[in-house]
Amino acid sequence: GESVGLHLPTLSVQEGDNSIINCAYSNSASDYFIWYKQESGKGPQFIIDIRSNMDKRQGQRVTVLLNKTVKHLSLQIAATQPGDSAVYFCAENVSGGSYIPTFGRGTSLIVHP
Amino acid sequence: DSGVTQTPKHLITATGQRVTLRCSPRSGDLSVYWYQQSLDQGLQFLIQYYNGEERAKGNILERFSAQQFPDLHSELNLSSLELGDSALYFCASSPRTGLDEQFFGPGTRLTVL
């Protein structure tokens, strides 16, 4: 498959464990955040988003936490499965009606059966 | 399958040349976005079109241009190619503009020799 990046931080977990992937963003004016999953050889896939008026949002097996004070975003994956193995990256955006996102470099999640 | 199609899948060309990448959005989606993903720069937003008009511009070089046609498909034109333009180019689409969930295509791998 395609390599989406070299020297990415890697998180290795056992199947069934909970995973936490972190992202530090840079722009204090950012008010919209997205987590993407990218499997080898595929395009990014939207997982979950959160706006700055929230500090937590839950989806199916995923939770995103936003700490605006320290400009930190995390993605929690419950009961991690081998199919969750991928590169995960966050994107920050200053909306104001436009969409001009800045993407993090990503974290490689490896789930061992 | 996201419903977004991109052609070609792979493209190999020489420095100084010009290429055109094509994207067909999901049925009904009015917005098309172009991204570049390279090993050293990660994923970068290039440009967005909505219903035929340019809506947002990111880190797109002047040598690059794009357009969206009346049937909503889009083309990204890359000219005077340099070695550093070698990357994966993704197209994504969304129903409207602003902060909709985006659906990414499989990408075009461009190699400039």
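A few points about this structure:
- Take the Cα of B:T20, step 7 Å toward its Cβ, do the same at A:I100, and the gap between the two points is 2.9 nm.
- Cβ charges +1 (Lys, Arg) and -1 (Asp, Glu), total dipole of the protein assembly as shown, debye: 160 debye
- If R0 is taken as 41 Å, the Cβ-Cβ distance between B:S79 and A:N53 corresponds to a FRET efficiency of 0.45.
- Directionally averaged projected area (convex hull, Cα atoms, chain A), nm²: 7.1 nm²
- Distance cut-off 21 Å, percentage of C-alpha pairs in the protein assembly as shown lying past it: 55 percent
- Look at the stretch A:101-109: the mean tally of other chain Cβ atoms within 10 Å of its residues' Cβ atoms is 3.
- For A:T80, B:T111, the sequence from fewest to most other C-beta atoms within 10 Å is B:T111, A:T80.
- Amide hydrogen proximity for A:R105: with H placed 1.01 Å from N in the peptide plane, no residue at 5 or more positions away or on another chain lies under 5 Å.
- Going by neighbour counts of Cβ atoms within 10 Å, the residues B:R22, B:R55 line up, fewest first, as B:R22, B:R55.
The numbers here are math on the coordinates, done by the rules we state, and not lab data. Here the structure is a predicted model, which is why all the values come from computation and not from measurement. Note: ideal-geometry Cβ built from the backbone for every residue, glycine included; neighbour counts use all protein chains shown.
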